[in-house]
Amino acid sequence: MAKRRRKKQVVVAPASEPPMRPGIIGLSRTVPADIVKPPYAATGDPGPSVSSLTRTPEELDAMRRTGAIAAEVLIHAGQFVEPGITTDKIDEIVHNETIRRGGYPSPLNYRGFRKSVCTSINEVICHGIPDNRPLADGDIINIDVTVYKEGVHGDNSCTFLVGDVDEHSRKLVAETYVSMMEGIKTVRNGSKVHDIGRAIERHARAHNLGVVKEFIGHGVGTEFHSDLQIPHYYDARAKTELLTGMTFTVEPMLTLGHPDLYLWEDEWTALTMDGRRSAQFEHTLVVTDDGYELLTVASDGTTAAELYAPKPEAVTS
Ligand code: MF3
Ligand code: CO
Ligand code: CO
């Protein structure tokens with residue numbers, strides 16, 4: 001009898017839970033006429049980046065106020081994270097709280113994005129579109145809030161734990177926050193853009209976590225995404241010197257498995273190829289002479305991550 005040729009097996013990481021699926025996306029929410037809108041709100045097209053890499057003192061003051069609102073809206077949204085709430089409801093909460101504070105939710109109609117916030121669950125890396133999926137016990141969810149007010153944007157995000165979350169995911173979330181702060185701590189007048197990614201990648205590697213390469217931090221200020229590019233891994237070409245007054249985000253996405261990704265047909269939702277989980281945190285900051293100043297901090301000095309992110313020491317083994 002001829003030996004049967006073994007069929008080549010494609011090894012896929014075992015899925016421990018139902019994979020994420022596109023849900024039903026509700027209508028875009030409306031913004032009152034008295035809220036000042038960014039230029040792209042009408043057309044969806046932000047056009048090419050034309051703004052300076054550095055802010056004027058007046059713009060910086062506006063970014064402190066708008067950044068505080070972005071932080072407070074994110075903290076507010078965090079209070080509602082629990083099993084059963086849909087991401088569309090989170091969208092409504094973020095949308096209404098932003099408007100209540102006189103701001104415009106920057107994602108709304110940015111390059112055609114249909115909702116007011118990004119909600120990225122489990123293996124969704126970023127840019128998840130709020131829909132009718134209820135949060136389930138054990139999920140992790142990144143909520144990415146950006147607010148436009150006084151002519152400037154404040155961009156920040158936090159990954160929240162939903163109910164009882166497994167230890168690997170808690171560690172992923174905790175270390176992703178630490179990696180962001182390690183990257184941010186390299187920042188000062190005269191440091192290099194690649195110092196940030198080097199610190200993030202080093203921390204990720206020490207904890208056996210992947211670093212997503214396709215999405216990077218960005219200049220932010222009068223424009224939502226301006227020219228400065230901040231990779232979250234070491235890129236020798238990212239030699240740009242940081243100078244006092246530059247404003248940008250640091251927003252690493254770390255993965256339990258391989259960081260390769262694909263997009264859903266909505267052309268926004270980015271997911272890990274292997275279906276394993278991804279976490280992200282984000283701050284907007286400004287370079288100072290001897291360090292940095294976080295701009296996405298609530299007026300009482302707190303941040304969503306400090307309130308909600310698990311601490312590495314609280315994660316056992
Ligand atoms: N807030 C995201 C970032 O950190 C960008 C979202 S773009 C959107 O850069 F259109 F999806 F909102
Ligand atoms: Co950003
Ligand atoms: Co963001």
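Since every read-out is calculated from the coordinates, none of them should be taken as a lab result. Note that the structure is predicted; figures quoted are calculated from it, not measured. Don't worry about glycine lacking a Cβ; one is built from the backbone with ideal geometry, like all the others, and counts go over all protein chains shown.
So what does the Cα-only Debye profile of region 77-153 read at q = 0.16 Å⁻¹, as log10 I(q)/I(0), no solvent term?
-0.54
So which aspartates and glutamates can residue 37 reach, going by Cα to Cα under 17 Å and dropping same-chain residues fewer than 8 places off?
Cross-link targets: 45, 59, 97, 150, 155, 223.
Based on the Cα atoms of region 127-182, what semi-axes does the equivalent ellipsoid have, where each is the square root of 5 times one gyration tensor eigenvalue, given in whole Å with the largest first? Could the numbers behind the result be given before it?
Numbers: eigenvalues 121, 63, 9 Å².
Each semi-axis is √(5λ); the values are 25, 18, 7 Å.
So how tilted is helix 87-100 from the main axis of the chain? Cα-based, degrees 0 to 90, rounded to 10.
The answer is roughly 10 degrees.
What are the residues whose amide H is under 5 Å from the amide H of residue 217, where those residues sit 5 or more places off or on another chain and H is modelled from the backbone?
Residues meeting the criterion, in which the H sits 1.01 Å from N, are 230, 232, 251.
When the expected Rg is taken as 2.2 N^0.38 Å, what fraction or multiple of it is the alpha-carbon Rg of the chain?
The value comes to 0.99.
For the chain, what does the helix formula give at 222 nm: sum of -39500 (n - 2.57) over DSSP H segments with n ≥ 4, over the residue count, nearest 500 deg cm²/dmol?
Counting only the DSSP helices, I get -8000 deg cm²/dmol.
Mind putting a number on the dipole of the chain about its Cα centre? Charges go on the C-beta only, +1 for Lys and Arg and -1 for Asp and Glu, and I need it in Debye to the nearest 20.
Here the size comes out at about 1460 debye.
Relative to the longest principal axis of the C-alpha atoms of the chain, give the angle of the C-alpha long axis of helix 167-185, reported between 0 and 90° and rounded to the nearest 10°.
For 167-185 against the chain, the angle is about 40 degrees.
Let me confirm the definition first: pairs of Lys residues in region 57-312, 8 or more apart or on different chains, C-alpha distance under 20 Å. How many are there? Intermediate results must be reported in sequence, preceding the final value.
On the way: 89/115; 115/149; 171/311; 185/239; 185/311; 192/213; 192/239; 213/239.
Close lysine pairs found across region 57-312: 8.
By per-residue mean of other Cβ atoms within 10 Å, what is the highest-first order of 287-299, 124-136, 168-180?
Numbers: 287-299: 18.2, 124-136: 20.8, 168-180: 23.2.
The densest-packed peptide leads the list: 168-180, 124-136, 287-299.
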